[in-house]
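Only one structure is covered here, and it is reproduced in the block below.
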Amino acid sequence: MKFIISSFYLNCPVEFQYSFNEPASPIMEGIINFHNHLMVVLSFIGVFVAWLLINCIKYYSEFSISKSTQFTHSKELEIIWTSIPALILLLLATPSFTLLYSMDEIVDPELTLKILGHQWYWGYEMSEYNTCYGDLNLQYNCYMMVFEGLPENKKGYFRLLETNRRVLLPTDTHIRLLVSAADVLHSWTVPSFGVKVDACPGRLNQLNLYLKRTGLFFGQCSEICGVNHGFMPISVLSVNSFQFNSYILNRIEF
Ligand SMILES: [Cu+2]
């Protein structure tokens, strides 16, 4: 069973895209807000520095000696140009660290998804259901589907982003991601979730994920891992928790 809805286009990269994908988690909303906040400050600094530079060229060049000969040093100016940037950095550090530490916050998770990076596909496992319901096959690998392998009507499918099976996740649920790798370094990344977590062999990385809306989300391995690094995409389908449970228990795969 495959979902094709045009609004899913919001969650994957599109041609000439110059902004972020639509956020699906509070973390990504925080990242976008911080980015917007940062860009305002950045614009003011950019304009101010350009203005300073132009003025310096204009008034302090070797040809306009009248002003530059009289000006050698200024203690006041040095205090100002040290303290103001320090103050700006301090102002930016506060929201930055707040966001950074909120990402590390682990809320008591209801569900754990184990992610294992391989050369060159992703392996997934969800053990909670296995212990409750025995033979549910919730350990699977996701390989990229080559364009030729996509269903007859290719409309709505994304080249180099589709996988043979999609990772099913519930919305409004605290999910724990446990990420590791079997061979070399990989990185499990989904831009709409604001998630980029390194998969290191011999090491387990933990991350909290909370999805706010349903949708089909795409991501790619983001740590160079070999020749097929660009061909191990991630596709996640999020549905509400009621649907999630019924799909899992009825063994419906996406
Ligand atoms: Cu890779």
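Worth a mention:
- Residue in the stretch 48-56 that is small (Gly, Ala, Ser) and assigned to a helix (DSSP H, G or I) present: yes
- The residues of the stretch 110-123 that are under 21 Å from ASP183 (Cα atoms), more than 16 Å from the ligand (Cβ to nearest atom) and open to solvent by less than 30 Å² (accessible area, probe 1.4 Å) amount to a single one, LEU113.
- Among residues of the stretch 219-242, those that are more than 15 Å from the ligand (Cβ to nearest atom), open to solvent by less than 40 Å² (accessible area, probe 1.4 Å) and either closer than 18 Å to GLY117 by Cα or touching a strand residue (DSSP E or B) at 6+ places or on another chain (Cβ under 6 Å) (or both), counted: 4
- A Cβ distance below 6 Å, combined with a sequence gap of six or more or placement on separate chains, defines the contacts here; from the stretch 88-109, residues that are surrounded by 12 or more Cβ atoms within 10 Å (Cβ to Cβ) reach residues that are of a type in the set (D, E, K, R) in the pairs PRO109/ARG176.
- Qualifying positions in the stretch 173-206 - away from the ligand (no atom under 16 Å from the Cβ) and within 23 Å of MET145 (Cα to Cα): SER192, PHE193
- Residue match in the stretch 145-155 (condition: open to solvent by 30 Å² or more (accessible area, probe 1.4 Å) and either within 14 Å of the ligand (Cβ to nearest atom) or touching a strand residue (DSSP E or B) at 6+ places or on another chain (Cβ under 8 Å) (or both)): yes
- Pairs with Cβ under 8 Å, 6+ apart, first in the stretch 38-50 and outside the structural domain of ALA93 (by TED's automatic domain parsing), second part of a helix (DSSP H, G or I): none
- Any hit, the stretch 207-215, residues being within 16 Å of the ligand (Cβ to nearest atom) and open to solvent by 60 Å² or more (accessible area, probe 1.4 Å): no
- Unmet criterion (only one of (1) in contact with a helix residue (DSSP H, G or I) (Cβ under 7 Å, 6 or more places away or on another chain); (2) in a strand (DSSP E or B); (3) of a type in the set (Lys, Arg)) for LYS196: (1)
The values are calculated or read from the model by the stated rules, or taken from the named source; none is laboratory data. If you're wondering where the values come from, they're calculated on a predicted model, not measured in any experiment. Neighbour counts are summed over all protein chains in view; Cβ atoms, including those assigned to glycine, are modelled from backbone coordinates with ideal geometry. Surface accessibility is based on the protein's heavy atoms, side chains included, excluding ligands, DNA and RNA. Shrake-Rupley method; radii C 1.70, N 1.55, O 1.52, S 1.80 Å.
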